[in-house]
Amino acid sequence: MRRYAVLSPLALLAALGAAAGTAQAQGFGVYEHDACVMGRSGTAVASPCSGGSAIFFNPAGILADGPRWHAQIGATLIAPRGGFTDSATGRTTESTPNNIPVPSFFVTRQLGSRLAIGVGVNAPYGLISEWPNTFAGRFLAYRSELASIYVQPTVALKLGSRIQLGAGVTFVHSTVELRQRVDLSTQVASASTGTTFAMLGIPEGTDFADAMLEGSGSGTGAHFGVLVRLSNRLSLG
């Protein structure tokens with residue numbers, strides 16, 4: 001009985017997986033800060049690349065063999081594209097094309113076999129989502145732009161022959177911009193009675209104005225990492 005109790009849920013999960021379709025989504029997280037890491041499909045926590053990007057992926061990894069100085073500068077060009085199909089009308093709207101360069105800069109200095117320092121500048125959160133101002137969702141937002149710049153001084157220390165520790169202080173500055181259309185039918189025509197323009201016969205979805213919201217802020221944080229080299233072929237991060 002126990003065997004069937006285990007196999008039945010597994011069979012159900014397998015059936016659901018086989019029937020699942022593909023999905024596409026959009027987000028504001030950016031992790032493409034190093035060509036070496038991208039070539040490894042993002043696996044850089046337990047085996048950091050040598051260019052200094054360990055400041056972002058695992059601060060303990062900036063302590064490495066090789067030259068005393070490591071420096072790298074680069075940018076990733078991100079070109080979001082997409083479309084939205086209205087389930088009610090069947091109309092498809094294509095998003096506004098954007099080509100967004102995401103910069104990164106890392107430099108590290110080996111201060112011996114057991115100590116290293118470095119600083120990194122990157123933008124792990126950002127990008128733009130933009131649609132024509134006739135888009136069906138324009139009253140929520142037709143343009144969203146987020147940019148966050150991180151500056152992280154970092155230090156790494158080696159304990160014994162196999163364990164490395166790393167820590168960094170992160171200084172962050174973020175800006176956000178949101179643009180949306182205003183629907184006249186939802187506006188209040190009389191504050192005393194609470195009457196909206198929709199109650200006066202204005203149809204829903206009547207464009208009235210364009211609103212733009214902007215904001216910015218700064219903050220600090222911390223980033224910690226551990227790297228354990230169990231052997232020449234196996235490490236943990």
Just the projected area, averaged over all directions, of the convex hull on the alpha carbon atoms of the range 40-159: how many nm²? 9.5
³J(HN,Hα), Karplus 6.51/-1.76/1.60, whole Hz, each residue of the range 203-220, x for Gly, Pro: x, 5, x, 8, 5, 10, 7, 10, 10, 10, 10, 10, x, 8, x, 10, x, 10
Averaged over all viewing directions, the convex hull of the alpha carbons in the range 173-216 casts a projected area in nm² of 3.8
Taking only the alpha-carbon atoms of the range 126-200, what semi-axes of the equivalent ellipsoid follow from 5 times the gyration tensor eigenvalues under a square root, in whole Å, largest first? 51, 15, 10
Shape metrics for the range 159-237, restricted to C-alpha atoms - Rg then Dmax, Å: 27.6, 78
Take every Cα pair under 8 Å in the chain that's 6+ residues apart, average their separations, divide by the length, and report that relative contact order as a whole percent. 17
Taking amide H atoms as placed 1.01 Å from N in the peptide plane, list the residues 5 or more away in sequence, or in a different chain, whose amide H sits under 5 Å from that of LEU111. ALA116, ILE117
For the chain, the percent of accessible surface on carbon and sulfur atoms (probe 1.4 angstrom, ligands and nucleic acids excluded) is 60
Which residues qualify? For VAL102, with a placed amide H closer than 5 Å and at least 5 residues away or on another chain, they are THR76, LEU77, ILE78
Normalised by the number of residues in the range 55-184, what is the relative contact order in percent for Cα pairs under 8 Å and 6+ residues apart? 26
Would you mind checking which residues have amide H under 5 Å from SER95's amide H? H placed 1.01 Å from N; only 5 or more apart, or other chain. GLY82, GLY83, PHE84
For P(r) over Cα pairs in 5 Å bins from 0, in percent the list reads (1) 1, 6, 12, 16, 18, 16, 11, 6, 4, 3, 2, 2, 1, 1, 1, 0; (2) 1, 6, 10, 12, 11, 10, 9, 10, 9, 8, 6, 4, 3, 1, 1, 0; (3) 1, 5, 8, 9, 9, 10, 10, 9, 8, 7, 6, 5, 3, 3, 2, 2, 1, 1, 1, 1, 0, 0, 0, 0; the calculated value is entry (2)
Under the Karplus relation 6.51 cos²θ - 1.76 cosθ + 1.60, θ = phi - 60°, what is the ordered set of whole-Hz ³J(HN,Hα) values for the range 146-153, x standing for Gly and Pro? 10, 9, 10, 9, 10, 10, 10, x
Between GLU32 and THR85, what is the label-to-label distance in nm when each label sits 7 Å out along the Cα-to-Cβ direction? 2.6
Using only Cα atoms and rounding to the nearest 10 degrees, what angle (0 to 90) does helix 2-19 make with the longest principal axis of the chain? 60
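The values are calculated or read from the model by the stated rules, or taken from the named source; none is laboratory data. Quick caveat: nothing in here was measured; it's all calculated off a predicted structure. So basically every Cβ, Gly included, is an ideal-geometry build from the backbone, and we count neighbours across all protein chains shown. The accessibility values were calculated without ligands, DNA or RNA, using every heavy atom of the protein model including side chains. Shrake-Rupley method; radii C 1.70, N 1.55, O 1.52, S 1.80 Å.
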